[in-house]
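The structure appears right after this line, and notes come after that.
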Amino acid sequence: MYWDWSFAWDSLPALLEGLWITVQLTLGGSVLALVIGLVLAMLRRTNVEPVRWLIGAIIEVLRGTPFLVQLFFVFYVLPKYGIQLPVLATGIIVLGLNYSAYTAECYRAGIEGVPQGQWEAARALNLSTGRIWRAVILPQAIPRVIPALGNYVNQMFKDSAIVGAIGLFELLNTAKQIGGLTYRFLEPLTMAAVLFLAISYLASIGVRRLERRMHSAETAGADVNPPHLALGKPA
């Protein structure tokens, strides 16, 4: 087996199409995971005990069962009850739901890292619950967890290959198909690995830059507006 550049270049268009499917899976799943995870983390702070118990149970189920089992359940079981989704939509939804359990724990760590005095001062100013979250808690909590959230997004990009198990021709499944049709696996699998590595590396650089930018903005804001001023207290 030797490397055939001509075959590699001929395989590239199909691999790029598979890469585009992988990117769609990652972007869609990331949006769902980041939004749903934040909602779950906030609901766990509610004073309503049944809601806290329910959210905790949902998170444990999502974290405690394999992603592939969840994927098969949605794709093969739900259609028996009249819920049938396109393959791409199934992958995005299951990927987002699965990772929302992990992002929820990231958000929770960031929220619990906000000093209790910030909560007390905001309530003393009679701020509404929504404003406390928007103006006081989340601006302090989210920058703390940017690196962890970025790692999960990067991991989602790589785990998107698992969605090929339900017949979606993302990057890895496309490479396997090319190899199966031509009996040459060296070029397509190697090129798929290179594409995964390149996108993951660029994403890591982007996360680090975002982290530095948010850290710089947070530091500058703290210098100009100390916490007690940001909450509206007189100096």
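The values are calculated or read from the model by the stated rules, or taken from the named source; none is laboratory data. Keep in mind the model is a prediction, meaning the values are calculated, not measured. Note that each Cβ is placed from the backbone with ideal geometry, even for glycine, and that neighbours are counted across all protein chains shown.
If a residue has to be over 22 Å from Val136 (Cβ atoms), over 13 Å from the mean Cα position of the chain (by Cα) and either loosely packed, with under 14 Cβ neighbours inside 10 Å or of a type outside the set (S, T, N, Q) (or both) to count, how many in the stretch 9-50 make the cut? Let's see the steps before the verdict.
Step one: of the stretch 9-50, the residues over 22 Å from Val136 (Cβ atoms) are 9-33, 36, 49-50.
Within this subset, residues satisfying the condition of being over 13 Å from the mean Cα position of the chain (by Cα) are 9-22, 49-50.
Now drop any that are not either loosely packed, with under 14 Cβ neighbours inside 10 Å or of a type outside the set (S, T, N, Q) (or both), which leaves 9-10, 12-21, 49-50.
Matching residues across the stretch 9-50 total 14.
Answer with yes or no whether Leu85 is among the aliphatic types (A, V, I, L, M), closer than 22 Å to Gly28 by Cβ and assigned to a loop (DSSP other than H, G, I, E, B).
Values: among the aliphatic types (A, V, I, L, M): yes; closer than 22 Å to Gly28 by Cβ: yes; assigned to a loop (DSSP other than H, G, I, E, B): yes.
Yes: the conditions hold for Leu85.
Would you check if Ile83 is at negative phi and surrounded by fewer than 19 Cβ atoms within 10 Å (Cβ to Cβ)?
yes
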ask   = In the stretch 59-80, which residues are more than 15 Å from Ile93 (Cα to Cα) and surrounded by 16 or more Cβ atoms within 10 Å (Cβ to Cβ)?
value = Ile59
ask   = Take the residues of the stretch 188-233 that are of a type outside the set (A, V, I, L, M, F, W, C) and under 17 Å from Leu27 (Cβ atoms): which is modelled with the highest pLDDT?
value = Ser200
query = Which pairs have Cβ atoms under 6 Å, sit 6 or more apart or on different chains, and link a residue in the stretch 65-89 that is in contact (Cβ under 8 Å) with a residue 60 or more places away in the chain to one that is polar (S, T, N, Q) and in a helix (DSSP H, G or I)?
reply = Phe67/Asn98; Phe75/Thr90
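Can you tell me which residues in the stretch 196-216 are touching a Gly at 6+ places or on another chain (Cβ under 9 Å) and within 30 Å of Phe72 (Cβ to Cβ)? Give the steps one after another, and end with the answer.
We begin by selecting, within the stretch 196-216, every residue touching a Gly at 6+ places or on another chain (Cβ under 9 Å); these are 203-204, 206-208, 210-211.
The answer is Ala203, and nothing else.
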